[in-house]
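Structure first, commentary second.
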Amino acid sequence: MKHIGVLALQGDFAEHKTALERSGAQAVEVRLPHHLIGLDGLIIPGGESTTLRKLMDMYGLMQPLRDFAQTTPTWGTCAGAIMLAREIIGQEAHLGVMDITVQRNAFGRQINSFVTTLDIDGERYEAVFIRAPLIVSVGNGVEVLSRLEDGRIVAAQQGHLLATSFHPELTPDLGFHRRFLNMIGS
């Protein structure tokens with residue numbers, strides 16, 4: 001059984017834990033650096049990226065998370081994608097491990113939230129966008145997995161790193177969690 005960490009400082013980590021467990025993995029809450037030991041992968045959930053950064057600093061997680069994500073499958077959803085990005089428009093990067101540029105709150109305020117269906121490699125996924133970031137550009141070696149109908153990038157993968165602008169954990173669809181587990185292999 002795969003042991004997948006979920007950064008449990010703030011945001012919708014409980015929903016990710018439930019989705020992982022329903023997908024056949026063991027979910028482990030990560031709050032301190034030693035919680036990363038022995039994990040097969042990590043999800044950095046949605047929430048509020050500025051608050052998440054402050055808590056990561058407070059608990060001494062910045063460098064351990066950066067080191068972990070350099071070598072181990074890591075998936076950032078919404079604010080988690082912001083945390084992974086090498087560049088954030090208008091502010092300093094956080095972990096800076098994935099060669100993407102993001103724009104925070106690119107889809108507007110909470111009232112502008114929406115749900116849509118995305119096609120990724122022939123699979124259909126329900127996607128919830130809540131004050132979501134936009135992946136504005138990707139570097140060499142980053143594969144764009146999905147775009148909205150207007151062409152805006154909302155999912156990308158760079159080797160063992162995955163970033164989504166949306167929240168698959170807020171739907172009953174386990175497809176994206178299973179996709180992440182398949183990235184990890186056996």
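The values are calculated or read from the model by the stated rules, or taken from the named source; none is laboratory data. These figures come from a predicted structure and were not determined experimentally. A quick note on method: Cβ atoms are made from the backbone with ideal geometry, for glycine too, and the neighbour counts reach across all protein chains shown.
When the residues of region 114-125 are narrowed to those that are at pLDDT below 90 and touching a Leu at 6+ places or on another chain (Cβ under 8 Å), which ends up surrounded by the fewest Cβ atoms within 10 Å (Cβ to Cβ)? Checked region 114-125; the qualifying residue surrounded by the fewest Cβ atoms within 10 Å (Cβ to Cβ) is D121. When I89, I111 are screened for being surrounded by fewer than 18 Cβ atoms within 10 Å (Cβ to Cβ), among the aliphatic types (A, V, I, L, M) and at pLDDT below 90, only I111 passes. The one condition from (1) modelled with pLDDT of 95 or more; (2) part of a loop (DSSP other than H, G, I, E, B) that L145 does not meet is (2). Figure legend. Inter-residue proximity from region 13-34: first residues in contact (Cβ under 8 Å) with a residue 12 or more places away in the chain, second residues crowded, with 21+ Cβ neighbours inside 10 Å and among the acidic types (D, E), beta-carbon distance below 7 Å, spacing 6+ or different chains. Indicated pairs: E15/E169; H16/E169; A19/E169. Residue count for region 13-41 satisfying the condition of being of a type outside the set (S, T, N, Q), in contact with a helix residue (DSSP H, G or I) (Cβ under 6 Å, 6 or more places away or on another chain) and surrounded by fewer than 21 Cβ atoms within 10 Å (Cβ to Cβ): 4. The residues on offer are I82, I100, I44, and the sole one that is touching an Asp or Glu at 6+ places or on another chain (Cβ under 9 Å) and surrounded by 23 or more Cβ atoms within 10 Å (Cβ to Cβ) is I100.
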